[in-house]
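*Asks:* Below are the structure tokens for one structure; questions will follow.
The values are calculated or read from the model by the stated rules, or taken from the named source; none is laboratory data. Fair warning: this is a prediction, and the values are worked out from it, not measured in the lab. FYI the Cβ positions are ideal-geometry reconstructions off the backbone, even for glycines, and counts take in every protein chain you see. The accessibility values were calculated without ligands, DNA or RNA, using every heavy atom of the protein model including side chains. Shrake-Rupley method; radii C 1.70, N 1.55, O 1.52, S 1.80 Å.
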Amino acid sequence: MNLAAAVQVAPNSTQQAVAYPSLFLLVVIGALVPVVPTGALVSSAAVVALHQATPSLSLLVVFGVAALAAFLGDITLYWLGRRGMRSKNGSRWLAAIRDRAPEERLAQAQAKLDDHGVMVLVLSRLVPAGRIPVMLACLMAKMPLRQFARGDVPACLAWAVTYQLIGILGGSLFKEPWEGVALAVALTVLISAAPTVWRKVRRAPA
């Protein structure tokens, strides 16, 4: 490897060494505190990975990091929620879960949980704002942590694949990574906002 190639590889290696742990940490935080746009983060990371020297390997790492971080975040939040359910005074984590689960969405989640069992967890991660109501429904049904984990594994894998595909779509349309990132973020925001807009349209007087 000549000097020019070594200089080119070094920045990429450094960027990846920083980017992957950052992605992992942000996705875990986003799972615990659902205000971080984790879908947009994964899509953006996929765009950047698509422009690396070895895109296939970079995309595989992004997928693994995102799925693992989402799973650990979900499991941790569910464990904290279970502790709150067993406590007489509850907990701030359980209160936070309840605050983010409107009664209407919770009732729908409970009905779907009764009909489909843990498989509803897969859809809950793909539907914007669907994860927390389903998690609360599982907590109220006293679902064991192990059973929740079994349903959450395919949910996190499907979630990581979906948002990575959005990033690949955005990244493949433009030569510059920042353009692909902008499109990927716009798509994820649009997907996240669509259910809220649709509910407002349905409730609007004719």
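*Asks:* Return yes when G180 is part of a helix (DSSP H, G or I), at pLDDT below 90 and in contact with a His (Cβ under 9 Å, 6 or more places away or on another chain) and no when it is not. Write out each step before concluding.
*Replies:* Working: part of a helix (DSSP H, G or I): yes; at pLDDT below 90: yes; in contact with a His (Cβ under 9 Å, 6 or more places away or on another chain): yes.
Yes: the conditions hold for G180.
*Asks:* Would you check if there is a residue in segment 50-63 being modelled with pLDDT of 85 or more, open to solvent by less than 30 Å² (accessible area, probe 1.4 Å) and in contact with a Ser or Thr (Cβ under 9 Å, 6 or more places away or on another chain)? Can you show your working first?
*Replies:* So the first thing to find is which residues in segment 50-63 are modelled with pLDDT of 85 or more, and the list is 50, 54-63.
Now restrict to residues that are open to solvent by less than 30 Å² (accessible area, probe 1.4 Å): 58-59, 62.
Then keep just the ones that are in contact with a Ser or Thr (Cβ under 9 Å, 6 or more places away or on another chain); that gives none.
No, there is no match, as no residue in segment 50-63 is modelled with pLDDT of 85 or more, open to solvent by less than 30 Å² (accessible area, probe 1.4 Å) and in contact with a Ser or Thr (Cβ under 9 Å, 6 or more places away or on another chain).
*Asks:* Then there is this: Sort out which residues of segment 23-37 are open to solvent by less than 50 Å² (accessible area, probe 1.4 Å) and free of Cβ contacts under 8 Å to residues at least 40 places away in the same chain, and write them in order of number.
*Replies:* V36
*Asks:* Hey, which of the helices (runs of 4 or more DSSP H) in segment 115-176, taking only ones fully inside, have at least 2 residues that are hydrophobic (A, V, I, L, M, F, W, C), open to solvent by 10 Å² or more (accessible area, probe 1.4 Å) and in contact with a Cys (Cβ under 6 Å, 6 or more places away or on another chain)? Please lay out each step first, then the result.
*Replies:* On the way: elements: 120-126, 131-140, 145-172.
Hits in segment 115-176: none.
*Asks:* Same structure, new question: Kindly indicate whether any position in segment 147-156 is within 18 Å of P34 (Cβ to Cβ), out of contact with any strand residue (DSSP E or B) (no Cβ under 8 Å at 6 or more places or on another chain), without any contact (Cβ under 8 Å) to a residue 40 or more places away in the chain and of a type outside the set (G, A, S).
*Replies:* No: zero hits.
*Asks:* Which one of A149, A155 is under 22 Å from A107 (Cβ atoms) and of a type in the set (A, V, I, L, M, F, W, C)? Can you show your working first?
*Replies:* Working: A149 fails: under 22 Å from A107 (Cβ atoms).
After ruling out the rest, the residue left standing is A155.
*Asks:* From the list L80, L68, which residue is open to solvent by 80 Å² or more (accessible area, probe 1.4 Å), assigned to a helix (DSSP H, G or I), of a type outside the set (F, W, Y) and at pLDDT 90 or above?
*Replies:* Working: L80 fails: open to solvent by 80 Å² or more (accessible area, probe 1.4 Å).
Going through L80, L68 in turn, the sole match is L68.
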